[in-house]
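The values are calculated or read from the model by the stated rules, or taken from the named source; none is laboratory data. Quick caveat, the model's predicted, so the values are computed rather than measured. Heads up, the Cβs are rebuilt from the backbone with ideal geometry, glycines too, and the neighbour counts pull from every protein chain shown. Ligands, DNA and RNA are excluded from the accessible area calculation, which covers all protein heavy atoms including side chains. Shrake-Rupley method; radii C 1.70, N 1.55, O 1.52, S 1.80 Å.
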Amino acid sequence: LDLDDRFANIKLPSGSAGDITRFGTNPTVLVSSDFPIAIGPDGNLYYASHGPGGRVQIMQFTPAGRTSILVTLAVNGANGKPLHDINGLTAASDGSLYFTENSAVRRITPGGQVSTVIADVHLAKCATIPGMTPSDNPLLRGLAVGTAGTVSVAASGCGSVLEISRNGHV
């Protein structure tokens, strides 16, 4: 949600990876077709894009229509496997961005430093989705960060919502 309608009348990012579309005003609802988006406390829109060599970049888009690269992510994700996409993206009140990979949650500081909140999340009980293997799970997707730093994340491959404390306890 664009609560302040900052992006109500501006050309939104679009390209071969997908489009961002707006609906209504007061507030403006922003919807992305194929990649996660988030509005930070600074009022900027953040989204994932593919850069040179297919590397995942986190882009910053201002209400004035300027786009810049906040950070280009490493070739490999937290689990050491090639990182092709991110699954979820949210902004915390301190200006940090958090994103999910299939089994990890990572944090990007406002200065662009990337760290791992938790890697290789594996649940003892995980209802698998037909056609998927247990190694594909937990398929971490949407997330939210509380003011105390607790992360709530959807383990969509397990039909669960996980809560991760500041010290990494699931």
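The test for being modelled with pLDDT of 85 or more and in contact with a helix residue (DSSP H, G or I) (Cβ under 9 Å, 6 or more places away or on another chain) holds for N102. Evaluated against (1) on the phi > 0 side of the Ramachandran plot; (2) open to solvent by less than 50 Å² (accessible area, probe 1.4 Å); (3) not polar (S, T, N, Q), G159 falls short on exactly one condition, (2). In region 1-23, the qualifying residues are those that are in a loop (DSSP other than H, G, I, E, B) and surrounded by fewer than 10 Cβ atoms within 10 Å (Cβ to Cβ), and the one that is modelled with the highest pLDDT is K11.
If only one of L70, L143, L139, L97 is touching a residue at least 40 places away in the same chain (Cβ under 8 Å), open to solvent by 40 Å² or more (accessible area, probe 1.4 Å) and out of contact with any Asp or Glu (no Cβ under 9 Å at 6 or more places or on another chain), which one is it? Working first, answer last.
Details: L143 fails: open to solvent by 40 Å² or more (accessible area, probe 1.4 Å); L139 fails: open to solvent by 40 Å² or more (accessible area, probe 1.4 Å); L97 fails: open to solvent by 40 Å² or more (accessible area, probe 1.4 Å).
The conditions single out L70.
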